1. Scan the stretch 184-202 for residues that are surrounded by 13 or more Cβ atoms within 10 Å (Cβ to Cβ), of a type outside the set (Phe, Trp, Tyr) and modelled with pLDDT of 95 or more and jot them down.
2. From the list Gln37, Gln57, which one is in contact (Cβ under 8 Å) with a residue 40 or more places away in the chain, surrounded by fewer than 20 Cβ atoms within 10 Å (Cβ to Cβ), within 24 Å of Leu124 (Cβ to Cβ) and not hydrophobic (A, V, I, L, M, F, W, C)?
3. Going by the structure shown, is Ile29 at pLDDT below 95 and either more than 25 Å from Gln184 (Cβ to Cβ) or not in a helix (DSSP H, G or I) (or both)?
4. Any idea which residue in the stretch 95-121 is surrounded by the most Cβ atoms within 10 Å (Cβ to Cβ), counting only those that are within 12 Å of the ligand (Cβ to nearest atom) and within 20 Å of Phe205 (Cβ to Cβ)?
5. Of these, Lys109, Lys69, which one is basic (Lys, Arg) and modelled with pLDDT of 95 or more?
6. Any chance you could count how many residues in the stretch 60-89 are within 11 Å of the ligand (Cβ to nearest atom) and within 26 Å of Met19 (Cβ to Cβ)?
7. Checking Cys153 against (1) among the hydrophobic types (A, V, I, L, M, F, W, C); (2) crowded, with 17+ Cβ neighbours inside 10 Å; (3) free of Cβ contacts under 8 Å to residues at least 24 places away in the same chain: exactly one of these is not met. Which one?
8. Test Leu67 against the criterion of being in a helix (DSSP H, G or I), surrounded by 16 or more Cβ atoms within 10 Å (Cβ to Cβ) and either under 14 Å from the mean Cα position of the chain (by Cα) or at positive phi (or both), and give yes or no.
Amino acid sequence: MRLILLGPPGAGKGTQAKMLKEKFNIPQISTGDILRQSVKDNNDLGIKASSFMNLGQLVPDDVVIGLIKKRIKQVDCKTGFILDGFPRTIVQAEKLSETMTEMGLKIDKVLDLEVNAKEVISRLAGRSTCSDCGGMYHEVTCPPKVSGFCDSCGGVLAQRQDDNVETILKRLEVYQESTAPLKQFYEKQGNLKAVTARGSVEEIFSRVLEMVK
Ligand code: AP5
């Protein structure tokens, strides 16, 4: 199964991708996670990406396209993968289609997680993430047992640099401008499915499963 999760920042792409990964035993490929790890490692990619990410802007297409082309050719992607946060522009989507055709493969479904801006702001402004295992929390909907520390591994929880209201608003603007047009792109290809991304994580997951059946 080869899936793409579309949707604005905070739609729950990462949350749902992790659940799909567990259920179907296929890798979650999150360009955001790969880029954040590179920033943490302070490598060339991270140095290039961090200024764009901190401002809520997209990292240049050629950087992320190169990264994804390499990643989906790895052996663990043979039985499928979930793309979380890629593609984000028409150019990225076109390059992905080209690469998939070269590999003799196709994307099975594109799930568009639909949520409004008010919900996005409340989800992201309250989010914290474990700096060790990546576990995700929310101050209201999913608080850790001990404030500031991860329930699973005890790691320190931190807020993402781009999760302040000003940058969230910029990310939403960039989404509308550059990423929302992908809905039409995939609608034309006939594999776009809209999923209402309001409600509990479990409710949304059952809607997602219905769509990928
Ligand atoms: P990325 O990491 O992809 O961020 P994003 O798209 O802005 O999405 P988020 O990770 O913020 O949200 P999500 O939809 O995954 O939601 P989540 O499940 O975490 O990208 C970051 C940056 O990297 C970009 O701005 C860009 O600079 C760069 N980048 C990445 N990919 C790129 C690309 N392809 N091209 C160019 N640049 C790229 O959930 C959010 C919160 O809500 C959590 O707290 C969660 O617990 C909570 N939550 C989830 N579901 C629910 C629910 N049902 N009810 C209540 N709370 C919920």
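The values are calculated or read from the model by the stated rules, or taken from the named source; none is laboratory data. Values in this document were obtained by computation on a predicted structure and should not be read as measured data. Methodologically, a virtual Cβ is constructed for each residue, glycine included, from the backbone with ideal geometry; neighbour enumeration extends over all protein chains shown.
1. Glu187, Leu192, Lys193, Ala194, Val195, Ala197 - these are the residues of the stretch 184-202 that are surrounded by 13 or more Cβ atoms within 10 Å (Cβ to Cβ), of a type outside the set (Phe, Trp, Tyr) and modelled with pLDDT of 95 or more.
2. Gln57
3. For Ile29, the condition - at pLDDT below 95 and either more than 25 Å from Gln184 (Cβ to Cβ) or not in a helix (DSSP H, G or I) (or both) - is not met.
4. Among them, the one singled out is Leu111.
5. Lys109
6. So the answer is 9.
7. Evaluating Cys153 over (1) among the hydrophobic types (A, V, I, L, M, F, W, C); (2) crowded, with 17+ Cβ neighbours inside 10 Å; (3) free of Cβ contacts under 8 Å to residues at least 24 places away in the same chain leaves (2) as the failure.
8. No; evaluated as a whole, the condition is false for this residue.
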